[in-house]
Amino acid sequence: MAIWNDPQPSQTGFGASSKMNAEMQRAATYDAGLRSYMLSIYNYMASGVLLSGLVALVFASSGLAAQLFVTPLRWLIVLAPLGFVFAMSAGMGRMKTSTLQACFWGFAVAMGLSLSSIFLVYTGASIAATFFATAGAFAGLSLVGYTTKRNLSGMGTFLIMGVWGLLIASLITMFFPIPGAGFVISVLGVLIFAGLTAYDTQNLKNMYWQAAGTPYLGKVVIMGALNLYLDFINMFQFLLSFMGDRR
């Protein structure tokens, strides 16, 4: 219904045009900032994966991996990445951005040492094929998380519960082997971390609203890269367990 007694029912002319232009400029600035923010996350994540891969390849090729993974030191190598993850998660608020960044690179190196064991078990060709398959799947899933209008928060809660279920199931089968359980766990692991890739991407995109223009943004970028790195590397390892050709 028209509001006849409104002295200025709509704004026209120069004032409306100026307001529209200002809103368009703010939207363009936000979009540019968001793209830069997400690109920084992907750059950190991809650089971390590349560093881990190089460390794993060099450590395995040198023969040190074969020597150390038959000693008790293998547990230190395997558990070191978890130590970095817990330290970064717990100390994020207290650490400087530069310190958090150094921890991320330290984590990537530690993860590379841990991943070197796969070169002792699987052929190089199957590792490379699985890596590129994972990279393609990750890119597609992350794009879905970035572009979808659907709220994935509910799915994220379910998937995080699934991760805990995977950990418990893996521990049980470690001490009480069950025929076929490894294959089932691997398939579920691929599906869970595929879903988490989309969820984490959307969550990081939404976090830009809160962190934009604050000193906290740099830390969010690094922790976001860590989350996506973990999604990628876990999906890769689970996929390798049933796609890889053993030596």
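Direction-averaged shadow area of the convex hull around the Cα atoms of the chain, nm²? If you can, show how the numbers build up before the last one.
Values: hull surface 76.3 nm².
Answer in nm², one decimal: 19.1.
Could you give each residue of the stretch 129-137 its phi-based ³J(HN,Hα) in whole Hz, using Karplus coefficients 6.51, -1.76, 1.60 with θ = phi - 60°, and x for Gly or Pro?
Once rounded to whole Hz, the list reads 4, 5, 4, 5, 5, 5, 4, x, 5.
Picking from Ile172, Met92, Ser116, whose Cα lies most toward the positive end of the charge dipole for the stretch 34-243 (charges on Cβ: Lys, Arg +1; Asp, Glu -1)?
Met92
Using all alpha carbons of the stretch 76-169, what is the percent of pairwise distances in each 5 Å bin, ordered from the shortest bin to the longest?
Spelled out per bin, shortest first, that is 2, 10, 11, 13, 20, 23, 14, 4, 1.
Normalised by the number of residues in the chain, what is the relative contact order in percent for Cα pairs under 8 Å and 6+ residues apart? Kindly include the intermediate steps, with their values, before the conclusion.
Numbers: 211 pairs, mean separation 71.9, N = 247.
Across the chain, relative contact order equals 29 percent.
Any chance you could count the Lys pairs in the chain whose alpha carbons are under 25 Å apart, treating pairs 8 or more apart or on different chains as valid?
Details: Lys96/Lys205; Lys96/Lys219; Lys149/Lys205; Lys205/Lys219.
The result is 4.
Taking H as built 1.01 Å from N, whose amide H comes closer than 5 Å to the amide H of Tyr122, not counting residues under 5 places away?
Correct list: Arg247.
Provide the descending list of Cα extents for the stretch 121-205 along its principal axes, expressed in whole angstroms.
43, 32, 16
If you place +1 on the Cβ of every Lys and Arg and -1 on the Cβ of every Asp and Glu, how big does the dipole about the Cα centre of the stretch 19-141 come out, in debye to the nearest 20?
Working: 6 positive and 2 negative charges, 55 e Å.
I would put it at about 260 debye.
If you put +1 on each Lys and Arg Cβ and -1 on each Asp and Glu Cβ, how big is the dipole of the stretch 34-243 around its Cα centre, in Debye rounded to 20?
440
Please state, rounded to one decimal and in Å, the Kirkwood hydrodynamic radius that the stretch 125-174 gives when every pair of distinct Cα atoms enters the mean of 1/r. All intermediate terms of the calculation are to be shown ahead of the outcome.
Working: mean 1/r = 0.0749 Å⁻¹.
It is 13.3 Å.
To the nearest 500 deg cm²/dmol, what mean residue ellipticity at 222 nm is calculated for the chain from DSSP H runs of n ≥ 4 alone, each contributing -39,500 (n - 2.57), summed and divided by the residues?
Working: 9 runs with 200 residues, N = 247.
Only helices count here, giving -28500 deg cm²/dmol.
All of the numbers you see were taken from the coordinates with simple rules; none came from a lab. All values reported here derive from a predicted model rather than from experimental measurement. Glycine also receives a Cβ, built like all others from the backbone with ideal geometry; neighbour counts cover every protein chain displayed.
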